[in-house]
Amino acid sequence: MADPSQLLLPIASRGEPILQQRAQEVADPHDPDIQTLIDAMLATMLAANGIGIAAPQVFVSIRIIIVASRPNPRYPDAPLMEPVAMLNPEILWQSADMVTDWEGCLSVPDARSPVPRAAELRVRYLTRYGETVEANYEGFVARIIQHECDHLDGVLFVERVENESSIVSESVFLKMTAA
Ligand code: ZN
């Protein structure tokens with residue numbers, strides 16, 4: 001494998017038009033450019049200490065997300081999972097049951113807010129090897145999937161908040177959520 005540091009991509013910040021567009025479907029998962037993009041998204045996400053990333057965040061308007069839950073101070077019970085690349089993900093069903101909890105975003109630095117999300121969902125996607133998968137997720141992983149799928153439709157988490165005044169800076173977030 002190539003040196004991962006060579007794969008790091010710039011991250012688009014709030015206000016970039018590409019973050020406001022509907023991204024295009026992946027036509028062929030086996031396209032070498034798609035494989036390279038997935039590796040670069042993964043390296044970029046890990047370098048930024050992220051738990052998910054969507055292709056528009058690295059200036060590519062195409063429907064690929066990576067979901068990579070791991071336990072963290074805010075979500076100590078979050079499952080540790082191998083990062084999963086989901087191509088052309090579709091949320092087939094989501095529960096009426098909603099949960100409101102904190103989110104942040106690599107494209108919206110220094111902002112955190114509680115966001116309501118469906119507690120559970122069913123998603124269909126292509127793997128990077130072109131296999132179709134359908135799976136159910138709940139809790140933190142379901143939250144990441146909803147957040148990343150929103151990026152594919154040009155929506156940022158700050159547009160999902162119930163009250164603008166609930167958006168706080170990182171330092172205030174750390175104070176508010178300190179034990
Ligand atoms: Zn995001």
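Rolling a 1.4 angstrom probe over the protein heavy atoms, how many square angstrom per residue are accessible across region 4-178?
Working: 8650 Å² over 175 residues.
Ligands and nucleic acids excluded, the figure is 49 Å² per residue.
Positive end of the dipole of the chain (Cβ unit charges, origin at the Cα centre): among S165, V155, I65, the Cα lying farthest that way belongs to S165.
Restriction of the chymotrypsin sites (Phe, Trp or Tyr not before Pro) in region 114-170 to DSSP coil positions whose beta-carbon has at most 12 other beta-carbons within 10 angstrom yields Y129.
Amide hydrogen proximity for Q24: with H placed 1.01 Å from N in the peptide plane, the residues at 5 or more positions away or on another chain lying under 5 Å are I62, R63.
Calculate for the chain the 222 nm mean residue ellipticity that helices alone would give, adding -39,500 (n - 2.57) per DSSP H run of length 4 or more and normalising by residue count, nearest 500 deg cm²/dmol.
On the way: 3 runs with 38 residues, N = 179.
When only DSSP H runs of four or more count, the value is -6500 deg cm²/dmol.
Placing unit charges on each Cβ (+1 for Lys and Arg, -1 for Asp and Glu) gives the chain a dipole about its Cα centre, and among P109, Q35, P10 the Cα reaching farthest toward its positive end belongs to P109.
Over the chain, with every protein chain in place, what whole percent of the accessible area is carbon and sulfur at 1.4 Å, could you tell me? That share works out to 52 percent.
Starting from region 94-167, pick out the GluC sites (Glu not before Pro) whose DSSP state is loop and whose Cβ has at most 16 other Cβ atoms within 10 Å. Don't skip to the end; give the middle numbers.
Values: sites: E103, E120, E131, E134, E138, E148, E159, E162, E164; in loops: E131, E162.
Those that pass, being in a loop and sparsely packed, are E131, E162.
When the Gaussian network model of the chain links Cα atoms closer than 10 Å, the mean-square fluctuations of S13, S61, S95 top out at S95.
Under unit Cβ charges (Lys, Arg +1; Asp, Glu -1), what dipole magnitude, rounded to 20 debye, does the chain have relative to its Cα centre?
Roughly 340 debye, rounded to the nearest 20.
The values are calculated or read from the model by the stated rules, or taken from the named source; none is laboratory data. Note that this is a predicted model, so its numbers are computed, not measured. Cβ atoms come from the backbone with ideal geometry, glycine included; neighbour counts cover every protein chain shown. Calculation scope for accessible area: heavy atoms of the full protein, side chains included, ligands and nucleic acids excluded. Shrake-Rupley method; radii C 1.70, N 1.55, O 1.52, S 1.80 Å.
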